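Worksheet: the structure to be examined is printed underneath.
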């Protein structure tokens, strides 16, 4: 019967599409996990860069304070600064 064959074809197509969609869903889950890892790594790198920038800024301020202190005691030469 032609009607039975049509139903068989439709059911078979649905079963094959279902398997493909499950496979695709698994791939998407893997991609989502990879994106989460990359996002966490980016956040960590950003935090490290921010900390390094803050430390460099604080060091620059300390160097300026040292230069001012040395100038106030009259020993503000490049050689004196390099010895420290």
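The values are calculated or read from the model by the stated rules, or taken from the named source; none is laboratory data. These figures come from a predicted structure and were not determined experimentally. All Cβ positions, even for glycine, are placed from backbone atoms using ideal geometry, and neighbour counts span all protein chains on display.
Pairing each residue of the stretch 53-73 that is free of Cβ contacts under 8 Å to residues at least 12 places away in the same chain with any residue that is surrounded by 10 or more Cβ atoms within 10 Å (Cβ to Cβ) and assigned to a helix (DSSP H, G or I), provided the two are 6+ apart or on different chains, yields C-beta distances under 8 Å for 70/80; 70/81. For the stretch 64-72, the count of residues that are on the phi < 0 side of the Ramachandran plot, surrounded by 10 or more Cβ atoms within 10 Å (Cβ to Cβ), modelled with pLDDT of 85 or more and touching a helix residue (DSSP H, G or I) at 6+ places or on another chain (Cβ under 8 Å) is at least one.
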